[in-house]
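A quick write-up on the structure given underneath.
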Amino acid sequence: MEPAGEFYRMENGGDQSKKAAMGKESWNNGIRTAQNMSNSLLRKKSDPLLVSKLRFQMLRQFLANLQEVILGTKLAVLFPAIPLAIAADFYNFGRHWIFALSLLGLTPLAERVSFLTEQIAYYTGPTVGGLLNATCGNATELIIALFALYRSKIHVLKYSLLGSILSNLLLVLGSSLLCGGLANLKKEQRYDRKQADVNSSLLLLGLLCHMLPLMSRYAAAPGVLIADSTLQLSRASSILMLVAYIGYIIFQLKTHRQIFDSRQEDEEEEEEEEKAVIGFWSAFSWLVGMTLIIALLSEYVVGTIEAASESWGISVTFISIILIPIVGNAAEHAGAIIFAYKNKLDISLGVALGSATQISMFAVPLCVVVGWIMRVRMDLDFSLLETASLALTILVVAFTLQVLFLYNIT
């Protein structure tokens, strides 16, 4: 029995006191990002008594993990969409049904990936945990984009990433400010200007890199082919953006970590939320499995988007810019609005601005570099209308936040 007990302690990160101490240290070192806290609102506690009476320890542990991972979210009702999507593909149902079911199945998976990365972060320490959260924060959008790149559907890739940025800055941030203001009319809402300024500066840098290929194309003389030069400029700009994003991660996790720490008012609730509920290897295994399922559903989404467009009478552009970003990150977006309603505007801003920054400065240039490796002509030229929409959105958001802070409205 001793080896089994030793295995159980290793699986669950040692004894409870060490695990709680590690969780507390990780929390204080800024592992929990605004995106994690936003998703946590849609989680629910499981009842350990349901599996505690089982005789076999490994079976009891597996069922306990299954209960935490699958049933530990209010979005568990959407999990049946995953096997239904696979069955629809296997039995050759309508391709628009495969698209719809896959999109619904991605919603709880995105929230569970956030949960699992948070669980792993309790055991790996602040630096590795922070890097993991920064990388997996928008895993669904990134995987969809990579599959679109693999299939050379550059328009779907560009529109979906652009839609993610616009939905975070316009829909999520706008709804958070509106709902937070209406719910706290007699209170004063405040936010950390330093954190907002850092994200706004990175978004403006990303906008400049997006505009360079477009301006190069329009500045060329008539009849001059500049496709190759535009592609090279995009690749050079993408490398610059990735370097800037790495610097931002170091700034966030090491040198100025206190700027990005989310403030909590309820200390007892904080202590309760910071405990790991599953072991490291269990969380890692679940994370790998769910990432593979996300990859499968993302392949379904990319492969059936044209069929869904024809069946529903909706353009591929609308589906890519509106439906995919909103449905894919619905849990995170809803959490941001709820936090603003609770007068915790810093967390809402961290979700909206942080996700938009990650897409603009990491996901987009990464796709350009991966396309370079795959010999796919992916560039930063998002055409005039899309780039103008992005520029107007970033400028309006940056100006609005500065005005609100200046006049002490929030």
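Structure notes:
Each row is one residue, and each column tells you yes or no for (1) of a type in the set (Gly, Ala, Ser); (2) under 18 Å from the mean Cα position of the chain (by Cα).
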| position | (1), (2) |
| --- | --- |
| 337 | no, yes |
| 341 | no, no |
| 359 | no, yes |
| 371 | yes, no |
| 383 | yes, no |
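- Of the helices (runs of 4 or more DSSP H) lying entirely inside the range 229-333, those containing at least 1 residues that are modelled with pLDDT of 80 or more and surrounded by fewer than 22 Cβ atoms within 10 Å (Cβ to Cβ) span 280-312, 324-328.
- Cβ-Cβ under 7 Å pairs, at least 6 apart or on other chains, the range 164-177 side touching a residue at least 24 places away in the same chain (Cβ under 8 Å), far side in a helix (DSSP H, G or I) and among the polar types (S, T, N, Q): 165/360; 166/389; 166/393; 168/355; 169/393; 170/393; 176/348
- Meets criteria (of a type in the set (A, V, I, L, M), touching a Pro at 6+ places or on another chain (Cβ under 7 Å), at pLDDT 80 or above and open to solvent by less than 40 Å² (accessible area, probe 1.4 Å)) for residue 76: yes
- Whichever residue in the range 363-391 is closer than 16 Å to residue 240 by Cβ and among the β-branched types (Val, Ile, Thr) and, among such residues, is surrounded by the most Cβ atoms within 10 Å (Cβ to Cβ): 364
- Residues located in the range 140-196, provided they are closer than 17 Å to residue 362 by Cβ and acidic (Asp, Glu): 141
- Residue 342 falls short on exactly one of the conditions (1) crowded, with 18+ Cβ neighbours inside 10 Å; (2) within 30 Å of residue 404 (Cα to Cα), and that condition is (1).
- Restricting attention to the range 131-154, the residues that are within 23 Å of residue 107 (Cα to Cα), open to solvent by 10 Å² or more (accessible area, probe 1.4 Å) and in a helix (DSSP H, G or I) add up to 13.
- For the condition over 23 Å from residue 75 (Cβ atoms), in contact with a Lys or Arg (Cβ under 7 Å, 6 or more places away or on another chain) and not acidic (Asp, Glu), residue 382 qualifies.
- Residues in the range 79-115 that are assigned to a helix (DSSP H, G or I), among the small types (Gly, Ala, Ser) and in contact (Cβ under 8 Å) with a residue 60 or more places away in the chain: 85, 100, 102, 105, 110, 114.
- When residues in the range 82-102 are screened for being open to solvent by 10 Å² or more (accessible area, probe 1.4 Å) and in contact with a Leu (Cβ under 8 Å, 6 or more places away or on another chain), 4 of them pass.
- Subset of the range 200-228 (residues that are small (Gly, Ala, Ser), part of a helix (DSSP H, G or I) and at pLDDT below 85): 219, 227
- Subset of the range 66-117 [within 18 Å of residue 333 (Cβ to Cβ) and of a type in the set (Asp, Glu)]: 111
- Of all residues in the range 330-346, those that are of a type in the set (Gly, Ala, Ser) have Cβ atoms under 8 Å from Cβ atoms of residues that are part of a loop (DSSP other than H, G, I, E, B), 6 or more apart or on another chain, in 331/42; 331/75; 334/41; 334/42; 335/41; 335/42.
- Qualifying positions in the range 311-333 - over 16 Å from residue 142 (Cα atoms) and either in contact with a Leu (Cβ under 7 Å, 6 or more places away or on another chain) or of a type outside the set (A, V, I, L, M) (or both): 311, 312, 313, 315, 317, 318, 331, 333
- Qualifying position, being open to solvent by 10 Å² or more (accessible area, probe 1.4 Å), within 18 Å of residue 199 (Cα to Cα) and part of a helix (DSSP H, G or I), among 395, 401: 395
The values are calculated or read from the model by the stated rules, or taken from the named source; none is laboratory data. Since the structure is predicted, the reported quantities are computational estimates derived from the model, not experimental observations. As a convention, Cβ positions derive from the backbone with ideal geometry for all residues, glycine included, and neighbour counts pool all protein chains shown. Please note that ligands, DNA and RNA were not included when accessible areas were found on the heavy atoms of the full protein model with its side chains. Shrake-Rupley method; radii C 1.70, N 1.55, O 1.52, S 1.80 Å.
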